[in-house]
1. Just one of ASP76, ASP84 is at pLDDT below 95 and part of a helix (DSSP H, G or I); which is it?
2. Mind checking which residues of the stretch 223-248 are free of Cβ contacts under 8 Å to residues at least 60 places away in the same chain and of a type outside the set (Val, Ile, Thr)?
3. I'm told LEU14 meets every condition in (1) surrounded by 14 or more Cβ atoms within 10 Å (Cβ to Cβ); (2) at pLDDT below 95; (3) closer than 25 Å to TYR161 by Cα except one. Can you identify the failing condition by its number?
4. If you scan the stretch 323-340, which residues turn out to be within 13 Å of ALA248 (Cβ to Cβ) and under 30 Å from the mean Cα position of the chain (by Cα)?
5. Quick test for you: out of LYS235, LYS231, LYS263, pick the one residue that is surrounded by fewer than 20 Cβ atoms within 10 Å (Cβ to Cβ), over 30 Å from LEU101 (Cβ atoms), basic (Lys, Arg) and under 29 Å from the mean Cα position of the chain (by Cα).
6. Looking for whichever is in a loop (DSSP other than H, G, I, E, B) and either of a type in the set (Val, Ile, Thr) or more than 28 Å from PHE306 (Cβ to Cβ) (or both) here; the options are ASP189, ASP252, ASP262, ASP196. Which one fits?
7. From ARG34, ARG23, which residue is in the same structural domain as ALA158 (by TED's automatic domain parsing), farther than 19 Å from PHE116 by Cα and part of a helix (DSSP H, G or I)?
8. Looking at GLY243 and the list (1) in a helix (DSSP H, G or I); (2) within 26 Å of the chain's Cα centre (by Cα); (3) not aromatic (Phe, Trp, Tyr), which single condition is not satisfied?
Amino acid sequence: MRDTDDTSTLPRILLEWYDVHARAMPWRVGPTDRKAGLRPDPYRIWLSEVMLQQTTVATVRDYFQRFTARWPTVADLAAAQDADVMGEWAGLGYYARARNLLKCARAVVDQHGGEFPADHAALLKLPGIGPYTAAAVSSIAFDLPHAVLDGNVERVMARLYEIHTPLPAAKPEMMARAEALTPRVRPGDYAQAVMDLGATICTPKSPACGICPWRAPCAARQAGTAAELPKKTPKTPKPVRHGTVYLAQREDGAWLLETRPDKGLLGGMLGWPGSDWIDSGAPRPQGTPPVDADWQVLPGEVRHTFTHFHLMLTVIYASVPSDLSPDTGEFFAPDRFRPSDLPTVMRKAFDLAR
């Protein structure tokens, strides 16, 4: 039997390492506190996991602390105004997560009395909670033996078992390996330990194999293939889209903004009026100006990358009278307008105009 087949020894070794080297997180109950009987707050675990999707820990920390200071419980979040939550979310990207955040909080309050269910199947029925988030909340918050498989864990499994099948095709094998290793004792600590291992030691580049607690059984280290794993199917090039935004500022300093439709990219967020976003090759769209004004095309352009495409925006600016009333959108006076409430691409347009 190979060392990597020992599904009882490997978790024990990793947990011993985690007890000494666990990262401090504002949402985490560390191993010492957990052994003393302190239990994680499912709301904080869920919120952190949603924020951490496609985002780094360093970025999420400040957002998490602002959210939990403003909405300390899931009931507080469920009662929040949509616009307030979307404003606090601005800059984290992937805005469908913020919309689902509110839907999920309200479902927890309406259907579960304000308490997250300590049941994996019930968690999966909540809006915006998929297999990974359900496993993370189940294991970390409720100490249930469900395997987590994020990018860090995929990398650890690929190297530990020298899995050369490219992602995403390798996910089923990686999940089977992760499930086999997940212990029934301290599964929550183990889930965080294997994620910490990938984040701090088994890193994408230059893994610190010499200090890894799993260095002896690691098949990729033995074969000298750790640096090339995990393998990934090559991505197709992202298309480029073009659009136009109109930034109108009144003489009293107010800016004309609109709330984007709930569905689609940046749904429910504040933004500048503008055109549709059209694939390159077609004429650059102008859209319809939101008010009659002396519009001026600003030099330069906004460039932003979304998950599936690159976007290039022409910014058109106008100064308008203070008594002007728009047909669409709303003027936000300086005391109501915070550029930080805008999604990143819209804030880039504001920065160009400013």
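1. ASP84
2. Within the stretch 223-248, GLY224, ALA227, GLU228, PRO234, LYS235, PRO237 meet the criteria.
3. All conditions pass for LEU14, except number (2).
4. Residues satisfying the conditions are GLY329, GLU330, PHE332, PHE337.
5. LYS231
6. Exactly one residue qualifies, and that residue is ASP252.
7. Answer to the selection: ARG34.
8. The single condition GLY243 does not satisfy is (1).
The values are calculated or read from the model by the stated rules, or taken from the named source; none is laboratory data. Every value quoted in this text rests on a predicted model; they were computed, and no experiment measured them. In this analysis, Cβ positions are derived from the backbone assuming ideal geometry, glycine residues included, and neighbour counts consider all displayed protein chains.
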